[in-house]
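Notes for the one structure printed next.
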Amino acid sequence: MHPIYANEPSPGQPVGPGGVQHTVVNVPIEPTKDYLVWSLCSFVYANFCCLGLGALIYSVRARDQKALGDQDGARRHASSARIFNIVAVVLTSLTLFIYIVVVIALSARR
């Protein structure tokens, strides 16, 4: 070994007595979606049994919790808003499909 490097530790080895190096990596948390736009569309266009209104209320609550820094509360309310939106869209689509089938069947009968 070269005399200049004799007292230096190898790369990756601790420096000094008991000196362990730690690296901290901060992983950014993905922001919680509040589904506000989807809830507004469900409220205006797919408000089956007021499910669109429920989705809108939970979306606003999720946005409020996110603004307060409560990520768990925001995720919980956003999940409820998402479920309300899905149910509202599915039921409205199903109702519209049945209505169209009935109208076509009645017009074909005449």
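The values are calculated or read from the model by the stated rules, or taken from the named source; none is laboratory data. What you see is a predicted model; the values in this text were computed from it and never measured. Because the Cβ atoms are built from the backbone with ideal geometry, glycine has one as well, and the counts that use them run over all protein chains shown. Only protein heavy atoms, including side chains, enter the accessible area calculation; ligands, DNA and RNA are left aside. Shrake-Rupley method; radii C 1.70, N 1.55, O 1.52, S 1.80 Å.
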query = Does the stretch 64-81 contain any residue that is open to solvent by 60 Å² or more (accessible area, probe 1.4 Å), modelled with pLDDT of 95 or more and among the aliphatic types (A, V, I, L, M)?
reply = no
message = Can you tell me which of (1) open to solvent by 50 Å² or more (accessible area, probe 1.4 Å); (2) of a type outside the set (Phe, Trp, Tyr); (3) assigned to a helix (DSSP H, G or I) is the one ALA88 doesn't meet?
response = (1)
task = Pairs only if they're at least six apart or on different chains, beta carbon under 8 angstrom, first in the stretch 58-73 and under 22 Å from PHE43 (Cα atoms), second surrounded by fewer than 16 Cβ atoms within 10 Å (Cβ to Cβ) and among the polar types (S, T, N, Q); list them, first residue then second.
result = GLN65/GLN71
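If you check ALA108 against the conditions, is it under 15 Å from ASP34 (Cβ atoms) and either surrounded by 15 or more Cβ atoms within 10 Å (Cβ to Cβ) or modelled with pLDDT under 95 (or both)?
Against the criterion (under 15 Å from ASP34 (Cβ atoms) and either surrounded by 15 or more Cβ atoms within 10 Å (Cβ to Cβ) or modelled with pLDDT under 95 (or both)), ALA108 does not qualify.
If you scan the stretch 1-42, which residues turn out to be part of a helix (DSSP H, G or I) and at pLDDT 60 or above?
Residues of the stretch 1-42 part of a helix (DSSP H, G or I): 3-5, 36-42.
Within the stretch 1-42, ILE4, LEU36, VAL37, TRP38, SER39, LEU40, CYS41, SER42 qualify.
Yes or no, residue by residue, for (1) in contact with a Lys or Arg (Cβ under 9 Å, 6 or more places away or on another chain); (2) open to solvent by 70 Å² or more (accessible area, probe 1.4 Å):
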| residue | (1), (2) |
| --- | --- |
| GLU30 | no, yes |
| ASP34 | yes, no |
| ALA46 | no, no |
| CYS50 | no, yes |
